[in-house]
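The values are calculated or read from the model by the stated rules, or taken from the named source; none is laboratory data. Predicted model, so just to flag it, every value in this text is computed and none were measured. Glycine gets a Cβ as well: all are built from the backbone with ideal geometry, and neighbour counts include every protein chain shown.
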Amino acid sequence: MAHAFWRYWGLIAILTAFVASTAVSAQTATNPANQSSPRFLVYFDEFSAFLSDESKTIIADAAKRARETGAHRIVVQARASATGTAETNKFLAQTRSSIVTDQLEADGIERTMIQQEPIGQTGSSDPSVYNRRVDILVEP
């Protein structure tokens, strides 16, 4: 039991250090197949859940689009690359999902409209930024 406790707190300490020391790279894109359901993408550095000013702007754009279109639901899908353990990456995806949800709420979206889907580890062991992201789906 004590071993699990220290392992958990060690993980928290490592994640906190990474969050504090890394920056985020954010981009946005819409889903070309269906312009009525745009997808906003926020990319993160490895083991990071930090929101830069750029990523906050993208989240604000998603909130604005939801208000303008009268969206009924926003889905927040969070992913992590396959670097590290599946358990760590699931926790990181949950953290990213919560942080983006909090920011959407700060931008005027009711929390009841937001559905969080922390997917966790995706992709291969390639630590590609493509797998370190949160997808914000604005659904009509």
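At a glance:
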| item | result |
| --- | --- |
| Matching option when the condition is more than 14 Å from the chain's Cα centre (by Cα), buried (at least 18 other Cβ atoms within 10 Å of the Cβ) and small (Gly, Ala, Ser), among 70, 84 | 84 |
| Qualifying residue in region 120-138 (condition: hydroxyl-bearing (Ser, Thr, Tyr) and within 15 Å of residue 40 (Cα to Cα)) | yes |
| One residue from 60, 106, 78 being buried (at least 16 other Cβ atoms within 10 Å of the Cβ) and out of contact with any helix residue (DSSP H, G or I) (no Cβ under 7 Å at 6 or more places or on another chain) | 60 |
| Filter result (charged (D, E, K, R) and closer than 9 Å to residue 138 by Cβ) within region 35-81 | 39, 65, 73 |
| Cβ pairs under 6 Å, 6+ apart, first in region 80-91 and modelled with pLDDT under 90, second among the hydroxyl-bearing types (Ser, Thr, Tyr) | 82/124; 82/125 |
